[in-house]
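In what follows, a structure is listed as structure tokens, so that the remarks can point back to it.
The values are calculated or read from the model by the stated rules, or taken from the named source; none is laboratory data. Remember, predicted model here, so these are calculated numbers, not experimental data. Cβ: placed from backbone, ideal geometry, glycine included. Neighbour counts: every protein chain shown. Accessible surface is based on the protein model in full, side chains and every heavy atom, while ligands, DNA and RNA are left aside. Shrake-Rupley method; radii C 1.70, N 1.55, O 1.52, S 1.80 Å.
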Amino acid sequence: MLTRIARCSVNLQAALHLRFSAPMTAAQAKLWLQKWRWYERNTLPWNRARIHWEMAKREAFVRWPVHGNVLEALLEERLEVGAGTLFEPGVWITAPGDARVRIGEGTFLNLNVMVASVELVEIGSHCMFANGCFVTDGNHRFDDRDRPVTWQGFTTKGPTRVGDNVWCGANVVITSGVTIGERCVIGANSVVTADVQAGSIAAGSPARVLKAITWADSPAARAS
């Protein structure tokens, strides 16, 4: 048994040596550089500084790291960020091509929130998104039997809109074409697949309206 293990170890070492000692082709290097540019470009010191500069001009703030094509979208004015908005570490904004993302004033994106736009995602002012939320106007295609799912691109049901003063609990998913009215609360781990009218508390997968918010100055609240 020990001899067999030793022989396997020698074979593995030889295979690894052959794999990593072989020269990289120009095509492999080009592909790696393309991937690196897309996924790691924000780590370049000058890009990092420029992102901070662009956010500061908007009176907004980002904590590192931030992911996605944030800098290009800011420079091309396809990413709009209102004053007082905060991105916590791990926020990912993706808006390729002509896609747009609009975020209002004083909105808070907590750890690892992702906003993915195919055409348009709008988030209002003074919204709160807890850890791990995902907001998108897109869907992955999967209906072409002859192509891998990862090559099929995206479809959209239309813009996704979140009104002002919306609070989303941890890991909420808001899907393509959905509108959430102002001053809604969406419970943690919910998947929002249909519109939610303003002033509602909704939860579940798919999310359903549980009740309307009772305002502090309403007769019902004063009676209690």
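Observations
- Selection count, the range 121-136, where residues are open to solvent by 80 Å² or more (accessible area, probe 1.4 Å) and either part of a strand (DSSP E or B) or in contact (Cβ under 8 Å) with a residue 60 or more places away in the chain (or both): 1
- Filtered residue count, the range 23-55, keeping only those that are of a type in the set (K, R), closer than 16 Å to A73 by Cα and out of contact with any helix residue (DSSP H, G or I) (no Cβ under 9 Å at 6 or more places or on another chain): 1
- Selected residue (criterion: farthest from D195 (Cα to Cα)) from residues of the range 99-120 that are open to solvent by 70 Å² or more (accessible area, probe 1.4 Å) and in a strand (DSSP E or B): R100
- Within the range 148-166, if we keep just the residues that are part of a strand (DSSP E or B) and either open to solvent by 80 Å² or more (accessible area, probe 1.4 Å) or among the acidic types (D, E) (or both), the residue that is modelled with the lowest pLDDT turns out to be F154.
- Contacts under 6 angstrom Cβ, first residue in the range 45-67 being assigned to a helix (DSSP H, G or I), partner among the basic types (K, R), 6 or more apart: N47/R41
- When each of R145, R41, R37, R58 is tested for being of a type in the set (K, R) and modelled with pLDDT of 95 or more, the lone residue that passes is R58.
- Scanning the range 137-147 for residues that are part of a loop (DSSP other than H, G, I, E, B) and either surrounded by 11 or more Cβ atoms within 10 Å (Cβ to Cβ) or of a type in the set (A, V, I, L, M, F, W, C) (or both) gives D137, R141, F142, D144, R147.
Yes/no matrix, rows are residues, columns are (1) modelled with pLDDT under 95; (2) open to solvent by 60 Å² or more (accessible area, probe 1.4 Å); (3) outside any loop (DSSP other than H, G, I, E, B):
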residue	(1), (2), (3)
A170	no, no, no
A194	no, no, no
I201	no, no, yes
R208	no, yes, yes
W215	yes, yes, no
R222	yes, yes, yes
